[in-house]
Amino acid sequence: MFTYINENFLHAPSTDLSRDTVKTLIQIMLAQGQEVFLEKQIADGKKVGLLAKLASQAAYLYSGAIEGTQENVNKAIFEKVWLLVVQVCLSTIINAILFQNLAIFRQSVLLICLSSVSPVKSPSEEPN
């Protein structure tokens, strides 16, 4: 929809339909879509490698959206609250990545600890 507007309205009737503003709206929508897809994959218990790639892409898209939003705030086209919303979404993605990595780290430490513990021998197995 936004791409259609951008391609077919060469002379925007207002600043909120200017090419740069519509491009920013496209970036925000793509980032939100990626975030929803990531959340669905997390809920479905997909593999960590896939989730890491999806989270990285969502963070990348939100970073681009933040840049465009900041430009529109500076031009007084968007209110500052738009920038805050997009920044909160990015920080949510970053926190999800952080907590996921922390969980993986703890599982790794646990596995290392378990593999380094030698089994306890029963008294009947000890040599005389």
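Tabulated data for the structure shown
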| item | result |
| --- | --- |
| Region 34-84, subset under 18 Å from Phe99 (Cβ atoms) and of a type in the set (Val, Ile, Thr), residue nearest to the chain's Cα centre (by Cα) | Ile42 |
| Members of region 19-68 found to be more than 19 Å from Thr3 (Cα to Cα) and of a type in the set (Ser, Thr, Tyr), listed by number | Ser56, Tyr60, Ser63 |
| Cβ pairs under 7 Å, 6+ apart, first in region 92-115 and surrounded by 12 or more Cβ atoms within 10 Å (Cβ to Cβ), second at pLDDT 75 or above and aromatic (Phe, Trp, Tyr) | Ile93/Tyr62 |
| Gln87 vs. criteria at pLDDT 85 or above, within 13 Å of the chain's Cα centre (by Cα) and over 28 Å from His11 (Cα atoms) | yes |
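Condition check ((1) surrounded by 13 or more Cβ atoms within 10 Å (Cβ to Cβ); (2) part of a loop (DSSP other than H, G, I, E, B); (3) touching a Leu at 6+ places or on another chain (Cβ under 9 Å); (4) among the hydrophobic types (A, V, I, L, M, F, W, C)) across all residues:
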position	(1), (2), (3), (4)
Val22	yes, no, no, yes
Lys46	yes, yes, yes, no
Ala59	yes, no, yes, yes
Gly68	yes, no, yes, no
Val81	no, no, no, yes
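The values are calculated or read from the model by the stated rules, or taken from the named source; none is laboratory data. The structure presented is a predicted model; accordingly, all values stated were derived computationally and were not measured. Heads up, the Cβs are rebuilt from the backbone with ideal geometry, glycines too, and the neighbour counts pull from every protein chain shown.
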